[in-house]
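Peer 1: Sharing a structure, written as structure tokens. Questions coming.
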Amino acid sequence: MKPTRNWIPYLQVAPLGLVFLTFLVIPIATIVVVSFFDYNTTEIIPAFLRQNYEELLASPVTWETYLQTVEFAVITWLLTFPIGFTLAYFLAFHVRSAAWQTVLFLVCTIPFWTSNVIRMISWIPFLGRNGLANMTLMKLGLIHHPLEFLLYSNFSVVLVYVHLYTLFMVVPIFNSMMRIDRSLLEAAYDAGASGWQTLTNVILPLCKPGIAIGSIFVVTIVMGDFVTVRMMSGGLSASVALMMANAMSLLQYPAAAANAVVLLILVLITVGLMMRVVDIRKEL
């Protein structure tokens with residue numbers, strides 16, 4: 001009976017392992033294999049060449065594009081974190097009613113009921129040269145000429161990123177805050193801690209797993225996005241994902257696959273560094 005029992009855990013894990021193998025391991029392995037293939041204007045040629053990686057890493061355009069992608073991710077994180085933390089703090093500690101917490105949380109999710117593309121497009125008439133923002137500022141006398149940087153610029157790209165992905169920061173931080181034992185906060189106040197001291201010494205450390213999960217969501221999504229950069233920059237900005245999309249449109253699939261592998265390694269290093277700082281298993 002003992003040999004049979006030893007197989008039971010493996011049988012229980014088998015369905016999940018099969019899904020993991022089919023939808024994650026095999027696709028990634030395929031991308032890695034294709035990244036070494038050769039190609040021309042009409043076909044992909046099975047081979048084992050380092051040419052795609054050599055051309056990719058030797059190009060200064062590649063490094064500039066990766067730098068801009070990382071810049072987008074860092075700036076978006078720097079904005080979504082304080083906004084998401086503030087919203088989560090308000091919902092967790094200032095809204096006492098569980099019903100109102102649910103209602104306000106649903107209000108935060110309403111934008112996700114529509115397509116990301118529709119939400120991006122909605123910024124164009126607002127930020128345009130003759131858009132609502134410029135017209136309002138000019139009528140108030142704050143500016144005399146339309147602000148050109150509001151649309152089709154890095155500013156508009158980051159603005160849309162913050163709009164689209166702040167909720168990915170709110171949800172895990174809110175979940176962490178709801179798990180905090182309120183007696184810890186009362187003990188801090190009884191010990192004479194101010195509100196700021198309680199926030200920095202009690203709430204913030206206990207929210208680190210949620211902050212890490214939200215950061216992973218925001219950073220990885222931004223680094224893998226290309227639609228936002230293409231639509232909101234007007235072709236004036238670039239990202240790694242957009243570079244891959246352009247390569248695929250030219251049927252340069254091996255080059256795009258090599259770019260995907262390098263981006264995957266960069267994202268895994270970023271996530272690994274985050275997990276070294278914070279143990280997110282406490283949140284799972």
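Just so you know, all these numbers are worked out from the coordinates, no wet-lab data involved. Since the structure is predicted, the reported quantities are computational estimates derived from the model, not experimental observations. Note: ideal-geometry Cβ built from the backbone for every residue, glycine included; neighbour counts use all protein chains shown.
Residues checked against (1) touching a helix residue (DSSP H, G or I) at 6+ places or on another chain (Cβ under 7 Å); (2) assigned to a helix (DSSP H, G or I); (3) in contact (Cβ under 8 Å) with a residue 24 or more places away in the chain; (4) within 30 Å of V95 (Cα to Cα):
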{"site": "P172", "(1), (2), (3), (4)": "yes, yes, yes, yes"}
{"site": "G192", "(1), (2), (3), (4)": "no, no, no, yes"}
{"site": "L204", "(1), (2), (3), (4)": "no, yes, no, yes"}
{"site": "G214", "(1), (2), (3), (4)": "yes, yes, yes, yes"}
{"site": "V262", "(1), (2), (3), (4)": "yes, yes, yes, no"}
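Peer 1: Continuing with this model, one more query. Quick check on the range 237-260: of everything there that is out of contact with any strand residue (DSSP E or B) (no Cβ under 7 Å at 6 or more places or on another chain) and outside any helix (DSSP H, G or I), which residue is surrounded by the most Cβ atoms within 10 Å (Cβ to Cβ)?
Peer 2: Among those residues, the one meeting the criterion is S239.
Peer 1: Kindly evaluate L18 against the criterion of being within 30 Å of the chain's Cα centre (by Cα) and either within 19 Å of L268 (Cα to Cα) or free of Cβ contacts under 8 Å to residues at least 12 places away in the same chain (or both).
Peer 2: yes
Peer 1: Can you name the helices (runs of 4 or more DSSP H) wholly within the range 1-65 that have at least 1 residues being closer than 25 Å to Q252 by Cβ and among the polar types (S, T, N, Q)?
Peer 2: 26-34, 51-58
Peer 1: Moving to a separate point now. Check M223, M169, M178 and return the single one that is surrounded by fewer than 15 Cβ atoms within 10 Å (Cβ to Cβ) and under 30 Å from W113 (Cα atoms).
Peer 2: Values: M223 fails: surrounded by fewer than 15 Cβ atoms within 10 Å (Cβ to Cβ); M169 fails: surrounded by fewer than 15 Cβ atoms within 10 Å (Cβ to Cβ).
Every option except M178 fails the conditions.
Peer 1: Got a number for residues in the range 127-148 being surrounded by 11 or more Cβ atoms within 10 Å (Cβ to Cβ) and not hydroxyl-bearing (S, T, Y)?
Peer 2: Adding up the residues that qualify gives 13.
Peer 1: Answer yes or no as to whether P9 is exposed (fewer than 11 other Cβ atoms within 10 Å of the Cβ), without any contact (Cβ under 8 Å) to a residue 60 or more places away in the chain and within 30 Å of the chain's Cα centre (by Cα).
Peer 2: It is false that P9 is exposed (fewer than 11 other Cβ atoms within 10 Å of the Cβ), without any contact (Cβ under 8 Å) to a residue 60 or more places away in the chain and within 30 Å of the chain's Cα centre (by Cα).
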